[in-house]
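The values are calculated or read from the model by the stated rules, or taken from the named source; none is laboratory data. Here the structure is a predicted model, which means the values were calculated and not measured. Note that we place each Cβ from the backbone using ideal geometry, even for glycine, and neighbour counts take in every protein chain shown.
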Amino acid sequence: MLASESVGKQVTKLLGNVLVKMGLFPVNLAEGEKITAKIDELKHTVKFQSKKASCLGTAIGTVTTSEENLRQNITMSINFLVSLMKKGWQNVGTLHLKTSMGTSYRIFG
């Protein structure tokens, strides 16, 4: 959900609790910022959210993504996830890569 800064504040005040539960917290669009560029940026953003979950999953690429971009996406996603944890790598049990319809491959643990 994209909103200008002024409208975003009003939406947050009125519907904040409902939007957070739905996972649709508005993203502010700065004055003069192009909406298409912001949409492309959000499409290429990974968000991790964990509420006492022992398993997380996220998309890191598509069929058309090059091998080099997949490698970069995997490395950046894993490093970012580990940086969010209090004890870093000590909190990671195993890491698996899985295609949408294929088997999973253990890459750590």
key: Condition broken by N91, with the remaining ones in (1) of a type in the set (S, T, N, Q); (2) over 26 Å from L42 (Cα atoms); (3) modelled with pLDDT of 85 or more satisfied   = (3)
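Condition (residue is basic (K, R), at pLDDT below 75 and within 27 Å of F80 (Cα to Cα)) applied to the stretch 36-51: is it met by at least one residue? Please lay out each step first, then the result.
Keep residues of the stretch 36-51 that are basic (K, R), which gives 38, 43, 47, 51.
From what is left, the residues that are at pLDDT below 75 are 47, 51.
Pick out the ones that are also within 27 Å of F80 (Cα to Cα) and you get 47, 51.
Yes: one or more hits.
Within the stretch 1-43, track down each residue that is of a type in the set (S, T, Y) and either within 24 Å of N73 (Cα to Cα) or without any contact (Cβ under 8 Å) to a residue 12 or more places away in the chain (or both). Break it down stepwise before answering.
Our first condition is that a residue be of a type in the set (S, T, Y); within the stretch 1-43, this holds for 4, 6, 12, 36.
If the condition is that a residue be of a type in the set (S, T, Y) and either within 24 Å of N73 (Cα to Cα) or without any contact (Cβ under 8 Å) to a residue 12 or more places away in the chain (or both), then S6, T36 are the ones that fit.
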ask   = Right, E67: without any contact (Cβ under 8 Å) to a residue 60 or more places away in the chain and either in contact with a helix residue (DSSP H, G or I) (Cβ under 8 Å, 6 or more places away or on another chain) or of a type in the set (V, I, T) (or both) or not?
value = no
